[in-house]
Amino acid sequence: MKIPQKRVHKFLRHGKKFPHVWCPGCSNGIVLGAIIRAVDELGYEKDDMAMVSGIGCSSRMPVYVDFNTLHTLHGRALAYATGVKMVKPEMNVCVVTGDGDSTAIGGNHLIHAARRNIDLTVIVINNNIYGMTGGQYSPTTPTGDFATTTPYGNIDPVFDICKLAEGAGATFVARTTAYHVVEAQSIIKQAFEHKGFSIVEIVSACPVIYGKLNKKGDAPAMMRDMKERAIPVKAFEKLTPEQVGNKYSRGILVNIKKPEYTAEYTKLMDSLQPQKGDK
Amino acid sequence: MAKKSKKNIVLMQGNEAIARGAIAAGVNFFAGYPITPSTEVAEILSIELPKNGGKFIQMEDEIASISAIIGGSLAGAKVMTATSGPGFSLMQEGIGYAKITETPCVVVNVMRGGPSTGLPTKPSQSDIMQTRWGSHGDSPAIVLYPNSVLESYELSIRAVNLAEKYRTCVILLSDEVLGHMREAIEIPEIDESKIIKRIKPNTPPEWYKHYPENPKYISPVASIGEGYRFHVTGLTHDSFGFPTNRADEAEIMNDRLKKKITHHLDDLIQVEDYMMDDAKIAVFAAGITSRAAKEAVRNSRAKRHKVGMFRPLTIWPFPEQMIRDKFKDVKAVIVPELAEGQLLGELKRVLRKTNIKFYPIQKTNGELITPDDISEAIKEVRK
């Protein structure tokens, strides 16, 4: 094993902030592991890393990592991160958020951060539910599913987070699952390296609340579900509509180059400096 | 830098003065959203900041604007946003976040008529209480309110300085008339030594505490990306910044938020006392209304009537002790305001143990209170 435990510990507030708040079987720890292994592989300095989050289960992540960490208001992580990145463009700014945090209360900030193509790396941990408040339905709770606020089944259609980000102008969009942890680590690494707005949706398991309310079984059962339903994007594209059913694609969905926002602002500032010979 | 002999007199609008003051104070990041009647502050800073090494961004709404400046401030910038009525309401959660995380920032609120969308192009003074109590939870406030273009410039600098010094969100009030009126002002020369810069910590990172344990002292503060890797949260936190549920630690934090204001009242409070020494009748007014009040007092004094004016430049913390001292011989106080008794209520609370009679003049129809309105009230009171 290339990454022994202690190497990961270097990136954690180990011994101080653990044990964490997450429930047994929660995927958040897997995602945390994938993020810090990606950072380790990239050789980023901890001092140059900022992790910004909003409110929710996933947003509790920053307290555990030994980066510059910012736990902000519900839905607003991207706006705070935009301020950090504008002032310190040289920093690697990572936003960890959930489905409710990023697409409901924070939907406006998500589409506009994507539109600007500001160089933020956004990890959306999609567990299809508001876990922190005890299991209310989110914009990604599947239609027909149960939550504490959909006692008769959910009639809301769902957001496709990746399509939403792509439509808003994100230049790097990917989806993977907590089961495909090696792929997750590799995609997160590429997302960090991408100059521009990158977003990685990680389908995750909330067995204690969402799983229980919807009879999805225990954590391993929910992981098996990810294994079966998440199809590599190339293979997914070849599926007929009948074959698609409840399957979804995984892998890098968008990877294009466009001018990055803070770089463009620096150019604008440079253009305003008095030229040589000007009075 | 202009020579001292050559007067640097310019015709300037109140909102422009706020923007110019921000630049003079070293503001280098502004995030905002268009709203009448504050938009000129953003427009001018969008021109000036990138020329002066600063950055401007127009965000998607006011919530994003306050969030972006707090992020920018934590990353080490001096920051400001400007808004009005509805936008100010939207910013309240962020203002609370800036206060609990002790992050310096300035929010300019150019007051317009309310409630709701109200009278966007008319002046008002009805956000006085919102600046103090608008955000949920107890969160002591520093709020300044000028009454001229020159003072808009000066208090803009002071607002930035106080935000940096006390590590909090300072609110700079203005109103539609003050923001849009133009006056010839002589721009004061900037004394660099009066521009407050954050004190940087020199402790090893592992000893660094983001929040001071003694509320009397303003502690050194690190920015994101300087090697200190601290944690910031809107949850109640310990002195390192990590969340806590412990009653003793919660008490320490809330105590500090309160005491860093109450221990520095002398530094925070500014008032104007005009002919108050022998006054039997006082006019208590702030902002644009105090211009009319002063005119009325001047006219009364010409008739040898013992009338004075008391004006808070610092609205919060409310200048309680100064008012009690200055109003010892006052028999009646006229309180003109473009609101339904917001200043009046506070003044009544402060003077509750006196026999002073209160005479409110309140307008919320978008029109200003005139010197004649106040002179008329003085006449009534003298009867």
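The values are calculated or read from the model by the stated rules, or taken from the named source; none is laboratory data. Just so it is clear, the structure is predicted and the values come from calculations on it, not from any experiment. Positions of Cβ are generated from backbone atoms using ideal geometry, with glycine treated the same way; all protein chains shown enter the neighbour counts. Ligands, DNA and RNA are stripped out before the accessible areas are found, and what is left, the full protein with its side chains, is counted by its heavy atoms. Shrake-Rupley method; radii C 1.70, N 1.55, O 1.52, S 1.80 Å.
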Under the definition of partner shielding as Cβ atoms of other protein chains within 10 Å of a residue Cβ, what is the mean value for peptide B:231-241? 4
Ignoring ligands and nucleic acids, A:K195 exposes an accessible area, probe 1.4 Å, in Å² to the nearest 10, of 130
Cβ-derived FRET efficiency at R0 30 Å, B:E183 paired with B:K280, nearest 0.05: 0.40
For segment B:28-70, which residues drop by 50 square angstrom or more in accessible area between the chain on its own and all protein chains together (1.4 Å probe)? B:P50, B:K55, B:I57, B:E60, B:S67
0 to 90° range, to nearest 10: angle between helix B:247-262 axis and chain B longest Cα axis: 50
Yeah, chain A with a ≥ b ≥ c from its alpha-carbon gyration tensor (a/c under 1.5 is rounded, else prolate when a/b outruns b/c, oblate otherwise) is prolate
B:R349 accessible area, assembled protein chains, probe 1.4 Å, Å²: 90
Limiting things to C-alpha atoms, what are the Rg and the maximum Cα-Cα separation (Dmax) for segment A:1-136, in angstroms? 14.5, 42
Just report the Cα centroid separation between segment B:320-369 and segment A:14-81, whole Å. 51
Taking R0 as 56 Å, what FRET efficiency do you get between A:K257 and B:V10 from their Cβ-Cβ distance, rounded to the nearest 0.05? 0.75
Which of rounded, prolate or oblate describes segment A:109-224 when judged by the alpha-carbon gyration tensor and an a/c cut-off of 1.5? oblate
Treating the angle as unsigned and between 0 and 90°, give the value, to the nearest 10°, between the Cα long axis of helix B:371-382 and the longest Cα principal axis of chain B. 60
Please report, as a whole percent, how much of the solvent-accessible surface of segment B:254-359 comes from carbon and sulfur atoms (probe radius 1.4 Å). 46
Quote the total accessible area buried by chains B and A together, excluding ligands, DNA and RNA, probe 1.4 Å, nearest 100 Å². 3300
Send over a whole-number figure in Å² for the accessible area per residue of chain B, probe 1.4 Å. 41
Rounded to the nearest 10 degrees, what's the angle between the helix B:62-74 long axis and the longest principal axis of chain B, both from Cα atoms, 0 to 90? 60
Ignoring ligands, DNA and RNA, what percent of the accessible area of segment A:7-272 is carbon or sulfur (1.4 Å)? 57
Heavy-atom accessible area per residue of chain A, all protein chains kept, 1.4 Å probe, expressed in Å², is 44
